[in-house]
1. For region 5-51, what does the alpha-carbon gyration tensor say about shape, rounded, prolate or oblate, given a ≥ b ≥ c as the root eigenvalues, a/c under 1.5 as rounded, and a/b over b/c as prolate?
2. Can you give the extra length, in nm with one decimal, that the chain gains between H37 and V124 once fully stretched, where that is 0.36 nm per residue apart less the Cα-Cα distance?
3. Grab the other residues whose beta carbon is less than 14 angstrom from that of K33, score K and R as +1, D and E as -1, and report the net.
4. Would you kindly derive the ³J(HN,Hα) couplings of region 27-32 from the backbone phi angles with the Karplus curve 6.51 cos²θ - 1.76 cosθ + 1.60 (θ = phi - 60°), listing them in order in whole Hz, with x for Gly and Pro?
5. Could you pull out every residue, at least 5 positions away or on a different chain, whose amide H is within less than 5 Å of the one on A89? Hs are placed 1.01 Å off N in the peptide plane, and Pro or chain starts have none.
6. Using the Karplus equation 6.51 cos²θ - 1.76 cosθ + 1.60 (θ = phi - 60°), what ³J(HN,Hα) coupling, rounded to whole Hz, does each residue of region 50-61 give in order, writing x for Gly and Pro?
7. What full-extension length gain, to one decimal in nm, is calculated for R48 and E86 as 0.36 nm per residue of separation minus the Cα-Cα distance?
8. Can you compute 3J(HN,Hα) from phi for each residue in region 38-49, using the Karplus curve 6.51 cos²θ - 1.76 cosθ + 1.60 with θ = phi - 60°, rounded to whole Hz and x for Gly and Pro?
Amino acid sequence: MRSSEVAMQYVILIYSNPASRQTFDALPPARRKAGLHAFRALNEQLTRSGEMLATALLADPSLTKQVHVSHGQTVTGDGPFAEAKEHLAGFYLIDCDDIDTAIAYAAQVHEAAAGVDLIEVRPVMTFNADEM
């Protein structure tokens, strides 16, 4: 459990791209299974420690809808745009003592260890309308 009284939340963003997906798909089944096992082990570790708030694998980017409002009307479009190489593939939302701990967890994401995808750690900010 957390040793600090101050809530520190971090999101671990997992990015992917078509080339890294093809590399993963081309691996022998045992290597792919090991990669998936690494995710399961990290999930179990974060759950046991009480630091896991949420995690999700995101659907294929071709299913994305971009949303904006124009003249009071909601307008949607397909996305991301074709020129985008990287896309957000999944995330962990964790509550831990400090950014160094969050980075240590991010380093356990299989893609980080394999060096094929970008993994980003970002502090989560809280929105308080009263402070504006």
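Only the coordinates and a few stated rules stand behind these numbers; no lab work does. Values in this document were obtained by computation on a predicted structure and should not be read as measured data. Cβ: placed from backbone, ideal geometry, glycine included. Neighbour counts: every protein chain shown.
1. Details: a/c = 7.82, a/b = 1.84, b/c = 4.26.
It is oblate, given that a/c is not under 1.5 and a/b is not larger than b/c.
2. Working: separation 87, 0.36 × 87 = 31.32 nm, distance 2.72 nm.
So the chain would gain 28.6 nm between H37 and V124.
3. Values: positive: R31, R32, R40; negative: D25.
Net local charge, K33 excluded: +2.
4. Those phi angles translate into 5, x, x, 5, 5, 5 Hz.
5. When sequence neighbours closer than 5 places are left aside, the close amide H contacts are I14, Y15, S16.
6. Listing the rounded values in order: x, 8, 6, 9, 6, 8, 7, 9, 8, 5, 4, x Hz.
7. Numbers: separation 38, 0.36 × 38 = 13.68 nm, distance 3.14 nm.
Contour length minus Cα-Cα distance gives 10.5 nm.
8. Along region 38-49, the couplings run 4, 5, 4, 5, 5, 4, 5, 4, 5, 5, 4, 6 Hz.
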